[in-house]
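The values are calculated or read from the model by the stated rules, or taken from the named source; none is laboratory data. Small disclaimer: the values here were computed from a predicted structure and weren't measured. Ideal geometry is used to build each Cβ from the backbone, glycine not excepted, and the neighbour counts take in all protein chains shown. All accessible areas refer to the heavy atoms of the entire protein, side chains included, with ligands and DNA or RNA removed. Shrake-Rupley method; radii C 1.70, N 1.55, O 1.52, S 1.80 Å.
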Amino acid sequence: MITDNSLPWKDHIAALTSKLNRACFAIRSINPFLSVDTLRMIYFSYVHSVTSYGIILGGNSHHSNSIFKIQKRIIRIITNTGSRDSCRQLFKQLQMLSFPSQYIFSLLFFVNKNRGLFQSNSEIHDLNTRFNHNLHLPSTNLTLVQRGVLYSGSKLYNHLPSNIKVLSNDTKLFKSTLKSYIIEHTFCSLDEIYQSAS
């Protein structure tokens, strides 16, 4: 498993940063000549596609903050907004996922497609509680485990609204509803989804 302190993820971030800086320069150069819709298509081809690769393995790493900063810079270029302007509404306006939102979406979709890897609380004990259908979180204080795909995925899934969880058997509907929910809220950190009502 690639962890927060692992060399492969740091190397991946370094390579990704270089690619995104080049994409940022290219988008800045062509911005005056193209519409927002065209720039949006270019964004999905040259930015979204590369940031998606391997995101569930290290998207919650503190090293990922540099990726989010470049992504916001690119969004501001596309929308011709200032460097101090908030990007939250811009992501929503463009129907794009912020990097933290992209991580949340990718990880939750992985959880839903691989439910066999996860246990629910009802499989662990017979107690009839309102958290019975949540995914079981093992007791651990190890950051290494807490940042792992299984633990992080379970924790995020448990914070989803019930109306999305009930769609887990319909992959296509779950995916589209989840994406709409995440775009609507435009999470800029994991803390935001953990603090939201579930």
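Do any helices (runs of 4 or more DSSP H) lying entirely in region 110-189 carry at least 1 residues that are at pLDDT below 90, open to solvent by 60 Å² or more (accessible area, probe 1.4 Å) and β-branched (V, I, T), and which ones are they?
Counting at least 1 such residues, we get 121-124, 143-146.
Okay, residues lined up against (1) touching a residue at least 24 places away in the same chain (Cβ under 8 Å); (2) assigned to a helix (DSSP H, G or I); (3) aromatic (F, W, Y); (4) open to solvent by 30 Å² or more (accessible area, probe 1.4 Å):
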| residue | (1), (2), (3), (4) |
| --- | --- |
| H12 | yes, yes, no, yes |
| F25 | no, yes, yes, yes |
| R40 | yes, yes, no, yes |
| N65 | no, yes, no, yes |
| L97 | yes, no, no, no |
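Quick grid of which residues meet (1) farther than 30 Å from V111 by Cα; (2) surrounded by fewer than 18 Cβ atoms within 10 Å (Cβ to Cβ); (3) acidic (D, E):
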site	(1), (2), (3)
A15	no, yes, no
L20	no, no, no
N31	yes, yes, no
V36	yes, yes, no
Y53	no, yes, no
G58	no, no, no
Practice problem: Go through region 69-83 and count every residue that is open to solvent by less than 20 Å² (accessible area, probe 1.4 Å) and more than 14 Å from the chain's Cα centre (by Cα). | Solution: 5
Practice problem: Identify, by number, the condition in (1) polar (S, T, N, Q); (2) touching a residue at least 12 places away in the same chain (Cβ under 8 Å); (3) not in a helix (DSSP H, G or I) that T17 doesn't meet. | Solution: (3)
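When only residues in region 84-95 that are within 16 Å of the chain's Cα centre (by Cα) and open to solvent by 20 Å² or more (accessible area, probe 1.4 Å) count, which is farthest from L190 (Cα to Cα)? Spell out the reasoning first.
Here is the first cut: in region 84-95, the residues within 16 Å of the chain's Cα centre (by Cα) are 87-88, 91-92, 95.
Going one step further and asking which of them are open to solvent by 20 Å² or more (accessible area, probe 1.4 Å), we end up with 88, 92, 95.
Numbers: R88: 14, K92: 17, Q95: 19 Å.
Of everything passing the filter in region 84-95, Q95 is farthest from L190 (Cα to Cα).
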